[in-house]
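What follows is calculated from the coordinates using simple rules that are stated; it is not laboratory data. The structure presented is a predicted model; accordingly, all values stated were derived computationally and were not measured. Neighbour counts are summed over all protein chains in view; Cβ atoms, including those assigned to glycine, are modelled from backbone coordinates with ideal geometry.
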Amino acid sequence: MATLAPSTRNGRRLAFVEQPQQLSDTFNRAITYMRISVTDRCNLRCVYCMPEEGMPWLERQHVLTYEEIAHIIRAAAELGVRRLRITGGEPLIRRDLPRLVAMLRAIPDIEDLALSTNGLLLPEQAEALKDAGLTRVNVSLDTLRPERFRDIARRDGLDKVLAALEAAERYGFHPIKINCVVMRGKNDDELADLARLTIERPWHMRFIEIMPLEGSVEDQTAWYMPADEILDRVRSIAALEPTEGPTGNGPARYYRFPSGKGTVGVISPLSHNYCDRCNRVRLTADGQLRLCLFGDNQIDLRTPLRGGATIEDLQRIFRRAMRIKPERHHLQPGQTSAALIALSQTGG
Ligand code: SAM
Ligand code: SF4
């Protein structure tokens, strides 16, 4: 439903013009942030994300084109979505991603355009992405040891990830966030070393509690380490003081070492639920609007889109979707979810 808002010029009220109503869900949370998955495929096989073999990849004709994505985002931007994050799978394996970046940048009201990447292809694409209008990047880094990287990602590539961080700094992406999925017994002995990077570099190291996405329940339970324990490990280097995050706090809580140029954050979907502040939805690579990372609430946008849906038609679907955005997720450590596995299959 559209609302009427007064239009003014030189302070004089001229007429009423139609403004689409801003998106908010049934719990009064305004939706201002959208994650856009551009592919379900990846050049790594991280143990917590996807199996080594046997992924049922999306058929290519089901993956949204850049034009289709831009059409959806135009509709969302008019409803108040301001911040976008391009993700995957690995978004940089999709051909000519700078073209999509430029298209999204050109949409009025989009204020922030970020990318989540494993970094492998960033050194060669950083310049084109910057020129196209990408503002910032999150790079995944779970370890500083090459052989351990191979164990976790099931492929080589640590040197490229480190080069990606350097390239991100060189081309002026700001801020640079690093995501590390913490796994007890796999990389928890490196938390202090990873956090130490933030003393010398203006990087924002974010430790993420592992979520039950892939693998056996036993592995997930054994690897899970709660955020408070992660922080205790990091405090073994030096005291941490709470601080504001580089782009506000979002789902993370941020700290810094007194002498640090960057920050250390923890993202704790399981131990400190942040759903009450949720402002986000996600678009899967095959055009499903997911209302929550965890769970199967979703609405199909691809079918109406390919049937000729206008911006207004899509906006009606967005508003309808708000009714099924859940108040919170109900995941527990050690519990896997079929919906989550489906999520990874459609591009997380
Ligand atoms: N391929 C890109 C990357 O790795 O950054 C973007 C997609 S990836 C799905 C986005 C983020 O989700 C990464 O930081 C990754 O580490 C994180 N992630 C994937 N599986 C996870 C899990 N089971 N628990 C917690 N975080 C996970
Ligand atoms: Fe690929 Fe990112 Fe998943 Fe790792 S976390 S397998 S890099 S999509």
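Here are the numbers:
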read-out: Orphan Cys of the chain, criterion: no other Cys C-beta under 4.7 Å; value: C42, C180, C275, C278, C292
read-out: Out-of-range pairs (alpha-carbon distance over 27 Å; input K160/K261; K160/K325; K130/K325); value: K160/K325; K130/K325
read-out: Amide H contacts of L115 (H built 1.01 Å from N, under 5 Å, at least 5 apart or other chain); value: I86, R136, V137, N138
read-out: Label-point separation, H62 to E127 (7 Å along Cα→Cβ), nm; value: 3.9 nm
read-out: Amide H partners (placed H, <5 Å) of I176, local residues excluded; value: H204
read-out: Sequence ranges 205-211, 146-152, 192-198, ranked by mean other-Cβ count within 10 angstrom, highest first; value: 205-211, 192-198, 146-152
read-out: Burial order of peptide ranges 82-92, 59-69 (average beta-carbon count within 10 Å, highest first); value: 82-92, 59-69
read-out: Environment charge at A195 (Cβ cut-off 11 Å; Lys +1, Arg +1, Asp -1, Glu -1); value: +3
read-out: Test item: Cα-centred dipole of segment 23-345, Lys/Arg +1 and Asp/Glu -1 on Cβ, debye; value: 700 debye
read-out: Structure-based [θ]222 nm, the chain - -39500 (n - 2.57) summed over DSSP H runs of at least 4, per residue, nearest 500; value: -8500 deg cm²/dmol
